[in-house]
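Visitor: Dropping a structure here in structure tokens format, bear with me for questions.
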Amino acid sequence: MTAPRVVLVGPPGSGKSTVARTLARLLRTDARDTDADVERTAGKPISEIFVDDGEPHFRMLEREAVAAALATHPGVLALGGGAVLDPTTEAALAQYGEAGGVVVFLDVSLAHAAPRVGFNQSRPLLLGNPRAQWQGLMERRRPVYERVATHVVQTDGRTPAQVAHQIAAAV
Ligand code: S3P
């Protein structure tokens with residue numbers, strides 16, 4: 001079993017995927033993203049999985065993608081923003097953290113997440129009123145992000161490269 005060097009969690013717009021790529025370069029390893037894994041498995045974009053198959057099916061694919069990556073990916077792993085809500089995933093992250101793994105919660109405010117999220121069709125959970133949806137998600141999820149995290153990094157006003165350097169210096 002090969003565990004990741006670093007796992008990134010946080011809401012949409014916290015910069016997980018970009019930070020993962022830069023951090024992987026700094027650590028001379030590979031970045032992996034569970035959203036991309038799920039899209040590859042399903043053979044279609046996340047927005048289409050939600051429409052065609054529903055959110056529960058997406059969450060099932062996501063749970064499997066996270067479990068596979070936690071067991072086999074040696075580099076930096078970025079999780080989809082809602083992955084931590086799955087109890088199996090939360091338990092797996094807790095176990096990984098207890099075994100010395102690094103789980104970083106990329107904290108971000110709505111003001112800084114909004115421009116990154118871009119209110120387009122690619123994030124089905126933010127359709128309608130994206131700002132209000134995002135705030136609701138973050139309120140419900142913050143306790144879970146904080147529970148699974150071994151490190152919390154405040155990203156407001158900082159570039160993904162700055163955030164990646166801070167994490168690289170800490171691991
Ligand atoms: C989701 C976040 C998305 C993606 C899906 C659901 C969520 O990933 O997994 O649209 O529940 O917050 P990002 O956090 O990379 O945007």
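Taken together, the values in this text are just the output of simple stated rules run on the coordinates, not laboratory data. These figures come from a predicted structure and were not determined experimentally. A quick note on method: Cβ atoms are made from the backbone with ideal geometry, for glycine too, and the neighbour counts reach across all protein chains shown.
Visitor: Could you work out how far apart the two model spin labels at A68 and R158 are, taking each label as a point 7 Å from the Cα in the direction of the beta carbon, and quote it in nm?
Guide: Going by the 7 Å Cα→Cβ label model, 3.3 nm.
Visitor: Follow-up. Work out from phi, with θ = phi - 60° and the Karplus expression 6.51 cos²θ - 1.76 cosθ + 1.60, the ³J(HN,Hα) of each residue of segment 95-106, listed in order in whole Hz, and give x for Gly and Pro.
Guide: 5, 4, x, 5, 7, x, x, 10, 10, 9, 8, 8
Visitor: Top mean-square fluctuation among A149, A24, A91, Gaussian network model of the chain, C-alpha springs under 10 Å?
Guide: Looking only at A149, A24, A91, the biggest GNM fluctuation is shown by A91.
Visitor: Let me ask another. Computed over the Cα atoms, what is the radius of gyration of the chain divided by 2.2 N^0.38 Å, N being its residue count?
Guide: The value comes to 0.96.
Visitor: Which whole-number percentage describes the relative contact order of the chain, with Cα contacts under 8 Å and a sequence gap of 6 or more?
Guide: Contact order relative to length: 36 percent.
Visitor: At 7 Å along Cα-to-Cβ for each site, give me the label-to-label distance between V171 and A111 in nm.
Guide: 2.9 nm
Visitor: Mind listing which trypsin sites (Lys or Arg not before Pro) in segment 1-101 are in a DSSP loop and have 14 or fewer other Cβ atoms within 10 Å?
Guide: R28
Visitor: Using alpha-carbon positions, what is the distance between the centroids of segment 65-108 and segment 126-169, in Å?
Guide: 14 Å
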